[in-house]
Every structure is written in C-alpha cells, then in structure tokens.
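Novice: Sharing a structure here in structure tokens format.
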Ligand SMILES: C[S@@+](CC[C@H](N)C(=O)[O-])C[C@H]1O[C@@H](n2cnc3c(N)ncnc32)[C@H](O)[C@@H]1O
C-alpha cells in the first residue's frame, strides 16, 4: 500500500507512532524515506552470513515487519539458529509474525511484543538495531548497547543503522536538504515532508556518528566500522572480539 498518511492537512498534528495505519504502508514509507533502505536490508544478510554461528541466536530489535530477519535468514538458512524479533508496536509484531510464518516457515522464530530494553540477550552471534536506537531516550542507549555486548558470543556482531546528526550546522542542513530532495524525487509533496518532519522530530532523536562510535566503545566494542552512508542515513558494524 502507498504511504499517503501525511498528504492532507492535519489540523492537530500528533507525534508519530508505529500504529496500524503506519504498519499498513510501512514498506512503501521506508523505501521512499530512507535512502538506500533496500540496499541496507540486502547487505544485512550478506554481513550476517560472515558472523552467524551455528546453534546461536539472532536478535532483530525494533523488527517492524521483519524485513531484516528475512534477509538474514535468506543468507544463513543452512545454520541452526533461533530468531528473536522484538517490537513494542502490537500492529507491527502481529504483521511480522504472519509474514515470517509465511516466508520462513521452517525457521525457529519468536516474535515478541515488548520494549527492547526488557529483553534478555544471550548466545547471540548477530544483533540488529536497524533504525531503532534513535527512538530510545538518549539516556537509555548506552545501557542497551552494554546488554547487547554482554549477550554476544565472541566474534558476534551488532549492526546499527541510524539517521545521523552533524555537529556543523551548515553540513547538517545540507544533509537535511538532500534527504528532502530524495523524498520529493520519490513522490512526496512539500506538505507530506513538512507534516511528517513535525510529527517525527520529537520521537526520533538522532546522534552524531562520533557519539555512536564512542558509545559503542564504552559498551565494550573494540572494533567498529561504518559500512554504509547515504546522506544522513548510516549503518555501522561493531564486532565483539574473540578474546572476550
Ligand atoms: C524505523 S522502525 C525499524 C525498521 C525495521 N528495523 C526494518 O529494518 O525494517 C522502528 C521500529 O522500532 C520499534 N520501536 C521503537 N522503540 C521501541 C522500543 N523501545 N522497544 C521495542 N520496539 C521499539 C517501532 O515500533 C518500529 O517498529
């Protein structure tokens, strides 16, 4: 379904939530709003194949409709793994469960409707935070990364995708302008772009790349690589070294 949620003037603009109306149009919304989204999803599977371990767990935190889990499974189906898909939106997790049952029926998948901060991470070889950390209160982000680090097996990885903020105002504005240009090119009107921006700016709080890198280091990760960036959207891979 096409995303036209913000196409008409909304007299009382409310903060963005991941409700049923959003879930219904989410694949279209993500493709037209996140530069390189399809590419990131495809590469999550490619990266996961390098680090996924037999008899381990995979966590997709803030899974929405399970696109990242599907990609990982596509590349790792020869391994015996348990997939934990977690989202606190009932609308998202219900649709995710239905979709994964249809597309990866042979896999061991647990779809959990809960806050990702409540989830125990254990025996994980791959943990995905694909555009989710940015929705957590800033003060809660380090604690979650520490929990993930503790729950990863040696050589396990966290893949973290986020919208970025830039310290230099001019640079930041360039990235915002380029992103809006991308949205216009994908058919969003000025009204849709401005209303979506107003609705999401209090719930999606971006960090700079440097903040992400230093937070990952504080959580224990000694190796972090930025493997993707398109405008102000980026993805990092953080590896738990074998010595721990
Ligand atoms: C931008 S979407 C993530 C997209 C998805 N990972 C993908 O790759 O297609 C963010 C998701 O995180 C979920 N979310 C946000 N905060 C959360 C929290 N504290 N606990 C669990 N899920 C959360 C939202 O419900 C939403 O489905």
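Each value in this text was obtained by applying a stated rule to the coordinates, not by laboratory testing. These numbers come from a predicted model, not from an experiment. All Cβ positions, glycine included, derive from the backbone under ideal geometry; neighbour counts span all protein chains shown.
Novice: Residue 167 passes all but one of (1) part of a loop (DSSP other than H, G, I, E, B); (2) within 16 Å of the ligand (Cβ to nearest atom); (3) surrounded by fewer than 13 Cβ atoms within 10 Å (Cβ to Cβ); which number fails?
Specialist: (2)
Novice: Within the stretch 1-25, take every residue that is within 21 Å of the chain's Cα centre (by Cα) and within 22 Å of residue 136 (Cβ to Cβ) and give me the one that is surrounded by the fewest Cβ atoms within 10 Å (Cβ to Cβ).
Specialist: The residue in question is 15.
Novice: Report whether or not residue 125 is surrounded by 23 or more Cβ atoms within 10 Å (Cβ to Cβ) and either away from the ligand (no atom under 13 Å from the Cβ) or within 23 Å of residue 240 (Cβ to Cβ) (or both).
Specialist: The answer is yes for residue 125.
Novice: Read through the list (1) buried (at least 20 other Cβ atoms within 10 Å of the Cβ); (2) within 28 Å of residue 196 (Cα to Cα); (3) in contact with a helix residue (DSSP H, G or I) (Cβ under 8 Å, 6 or more places away or on another chain), then give the number of the only condition that residue 58 fails.
Specialist: All conditions are met except number (2).
Novice: Here is a follow-up. If only one of 150, 117 is surrounded by fewer than 19 Cβ atoms within 10 Å (Cβ to Cβ) and either closer than 17 Å to residue 239 by Cα or more than 14 Å from the ligand (Cβ to nearest atom) (or both), which one is it? Working first, answer last.
Specialist: Details: 117 fails: either closer than 17 Å to residue 239 by Cα or more than 14 Å from the ligand (Cβ to nearest atom) (or both).
Going through 150, 117 in turn, the sole match is 150.
Novice: Something else: Which one of these does residue 107 not meet: (1) under 21 Å from residue 213 (Cβ atoms); (2) more than 13 Å from the ligand (Cβ to nearest atom)?
Specialist: So the condition that residue 107 fails would be (1).
Novice: Cβ contacts < 6 Å: first residue within 15 Å of residue 193 (Cβ to Cβ), restricted to the stretch 26-50; second residue more than 10 Å from the ligand (Cβ to nearest atom) and part of a helix (DSSP H, G or I), any location; separation 6+ or different chain. Result?
Specialist: The qualifying pairs are 35/182.
Novice: Does the stretch 194-215 hold any residues that are assigned to a helix (DSSP H, G or I) and within 18 Å of residue 236 (Cα to Cα), and which are they?
Specialist: Filtering the stretch 194-215 down to residues assigned to a helix (DSSP H, G or I) leaves 194-200, 209-215.
Correct list: 209, 210, 211, 212, 213, 214, 215.
Novice: May I ask you to verify whether residue 173 is within 16 Å of the ligand (Cβ to nearest atom), part of a helix (DSSP H, G or I) and at negative phi? Please lay out each step first, then the result.
Specialist: On the way: within 16 Å of the ligand (Cβ to nearest atom): no; part of a helix (DSSP H, G or I): yes; at negative phi: yes.
Spelling it out, it is not the case that residue 173 is within 16 Å of the ligand (Cβ to nearest atom), part of a helix (DSSP H, G or I) and at negative phi.
Novice: Tell me the residue from 198, 185, 230 that is more than 16 Å from the ligand (Cβ to nearest atom) and in contact (Cβ under 8 Å) with a residue 24 or more places away in the chain, please.
Specialist: On the way: 185 fails: in contact (Cβ under 8 Å) with a residue 24 or more places away in the chain; 230 fails: more than 16 Å from the ligand (Cβ to nearest atom).
Being more than 16 Å from the ligand (Cβ to nearest atom) and in contact (Cβ under 8 Å) with a residue 24 or more places away in the chain holds for just one of 198, 185, 230, which is 198.
Novice: While we're on this one: I'd like the residue in the stretch 74-101 that is more than 9 Å from the ligand (Cβ to nearest atom) and touching a strand residue (DSSP E or B) at 6+ places or on another chain (Cβ under 7 Å) and, out of all such residues, is farthest from residue 132 (Cα to Cα).
Specialist: Quick first cut of the stretch 74-101, residues more than 9 Å from the ligand (Cβ to nearest atom) only: 74-85, 90, 94-95, 97-101.
Subset that is touching a strand residue (DSSP E or B) at 6+ places or on another chain (Cβ under 7 Å): 81-85, 90, 97, 100.
Values: 81: 23, 82: 21, 83: 17, 84: 15, 85: 13, 90: 16, 97: 18, 100: 20 Å.
Among those that are more than 9 Å from the ligand (Cβ to nearest atom) and touching a strand residue (DSSP E or B) at 6+ places or on another chain (Cβ under 7 Å), it is 81.
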